[in-house]
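Worksheet: the structure to be examined is printed underneath.
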Amino acid sequence: MKFQSFLALIILIGIHLVFLHPIFISEIRVSPYYLGTGILFLVLLCLGYFFQFKKHSNKQPTHLFSPIYVIIGGLSTYYLNIHLELGPVIAAGCIGVAASFIPTFIKHNLASDIPVATYCGTFVGMSSPIIVGSPFFILFASSVAGLILLLTKDVLLGVGGKLGTIAFGGVLSALLFFYLW
């Protein structure tokens, strides 16, 4: 296992642990059900990494422009969600469908990364207006998510939930940054 792949896997597991942490601390004593579910989830995550399907590797963003596509997806979804009041699901769906057609019209190697990276950004743009104070928050969160996407391009290929986890990591990083700032 390459060190970069191992580091990327640790980052994804860390994001999941932060996501699961409130479940564990919500009760004074952790029930065996929650603890068992969390451990099972992490074991399945690791197994997904070790038994990943290489046939999906051509669908993972590989170009350095991928973070830009994540930013575009996040900001455009935010705009449709907040300013046009379409709602987060409809906004993400519109941007995701529009991005999926771009490789059909642009026959360039760089265009193949646009749908996946843009769709990752739509998850960032779906953030609640209570959490998101401005487009600058989305810009920062999408930038972090784009970097995580580049770092984890060879990890968990073909495993569902990767883009949402990456978006959650970007939003969580932005929340932490703006809270500490």
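The values are calculated or read from the model by the stated rules, or taken from the named source; none is laboratory data. All values reported here derive from a predicted model rather than from experimental measurement. Counting neighbours? That spans all protein chains shown, and the Cβs are built from the backbone with ideal geometry, glycine included.
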Which condition number does Ser142 fail, the rest of (1) within 11 Å of Val70 (Cα to Cα); (2) part of a loop (DSSP other than H, G, I, E, B) being met?
(2)
Just name the residue that is nearest to Ile114 (Cα to Cα) out of those in the range 73-90 that are assigned to a helix (DSSP H, G or I) and among the aliphatic types (A, V, I, L, M).
Leu75
Can you pull out the residues in the range 134-179 that are aliphatic (A, V, I, L, M) and modelled with pLDDT under 80?
Val155, Leu156, Leu157, Val159
How many residues does the range 127-141 hold that are buried (at least 23 other Cβ atoms within 10 Å of the Cβ) and among the aliphatic types (A, V, I, L, M)?
2
Give just the number: which of (1) buried (at least 16 other Cβ atoms within 10 Å of the Cβ); (2) of a type in the set (A, V, I, L, M); (3) touching a residue at least 24 places away in the same chain (Cβ under 8 Å); (4) under 29 Å from Phe178 (Cα atoms) does Leu86 not satisfy?
(3)
